[in-house]
Amino acid sequence: MPHIKWAGVVRGELASYQQGQLPANAVKLAMPATTSELMRKAAIFLLIPFVVIFAAMFGKTFLSRQVSVDLWGVLAGVLAGFPGLLLHELLHAIPYPRQAVVYIGFYPKSLAAMALVSYPLSRRKFIRMSLLPMLLGAIPMLLFLLLPAGLLKLNGFLFGFAAMGLTSPY
């Protein structure tokens, strides 16, 4: 596990957290110039989670022939997802080695939590680092699908938390 440093609320430029030397054989990832451009380009990746979320709700409701969530439970799950953003960022840090330093904080300019690090990763570890936070959506979604439809409040909570977990990578 790498060294985790709390950056707090970051008001300056993110580039100051992402400086380091790459090995000679490394290929630097081409990144958008601004956070806004990054968010715009990443928007396409919301499509699959939205399809999964709506298909899960439709499928469970159709198969059980009843409403399977309580609206207050969904709201509670969504609200619980906001502190879950810190866990989301910590999950990004897992694939990094001990000598790496991961800065975790909040970037109000884009209303986003962040995990910033300057350390080269192999392609495999980069993919793992990118996808690990999806567990925060996949596990509650699986539980939502497996639990009986009559558990309205719990199903609602799991559905709301899963929706936050599956869409928060955006």
(request) Could you work out how far helix 84-93 tilts from the main Cα principal axis of the chain, as a 0 to 90 degree angle to the nearest 10? (result) 40
(message) Using a Förster radius of 30 Å, what is the FRET efficiency between PHE126 and PHE62 based on their Cβ-Cβ separation? Nearest 0.05, please.
(response) 0.20
(message) Contact order normalised by length for the chain, with contacts defined as Cα pairs under 8 Å and 6 or more residues apart; what percent is it?
(response) 38
(request) Per DSSP H run of n ≥ 4, the term is -39500 (n - 2.57); total these for the chain, divide by its residue number, and report the mean residue ellipticity at 222 nm rounded to 500 deg cm²/dmol. (result) -15500 deg cm²/dmol
(message) If you fit an axis through the alpha-carbon atoms of helix 152-167 and take the longest principal axis of the Cα set of the chain, what angle between them do you get, 0 to 90°, nearest 10?
(response) 30
(request) First select every other residue whose beta carbon is under 13 angstrom from the beta carbon of ILE4; then total the charges, Lys and Arg +1, Asp and Glu -1. (result) +1
(request) Kindly express, to the nearest 10 degrees and within the range 0 to 90, the angle between helix 135-146's C-alpha long axis and the longest C-alpha principal axis of the chain. (result) 10
(request) Could you sort 64-77, 47-60 so that the peptide with the highest average Cβ count within 10 Å comes first and the rest follow in order? (result) 64-77, 47-60
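If I compute solvent accessible area with a 1.4 Å probe over the protein chains, what percent of it on the chain is carbon and sulfur?
Heavy-atom surface of the chain belonging to carbon and sulfur, 1.4 Å probe: 69 percent.
Restricting to the chain, compute how many DSSP beta bridges are antiparallel as a %, nearest 5.
50
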(request) Subtract the Cα-Cα distance of LEU111 and PHE54 from 0.36 nm times their separation in residues, and report this length gain in nm to one decimal. (result) 18.0 nm
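Report, in listed order, any pair from LYS60/LYS109; LYS5/LYS41; LYS109/LYS153 with a Cα-Cα distance greater than 31 Å.
Long pairs (Cα-Cα over 31 Å): LYS60/LYS109; LYS109/LYS153.
The values are calculated or read from the model by the stated rules, or taken from the named source; none is laboratory data. Only a predicted model underlies this, so the values are computations on that prediction, with no experimental measurement involved. For neighbour counting, all protein chains shown are included, and Cβ atoms are generated from backbone atoms with ideal geometry for every residue, glycine included. Note: areas computed on protein heavy atoms with side chains; ligands, DNA, RNA excluded. Shrake-Rupley method; radii C 1.70, N 1.55, O 1.52, S 1.80 Å.
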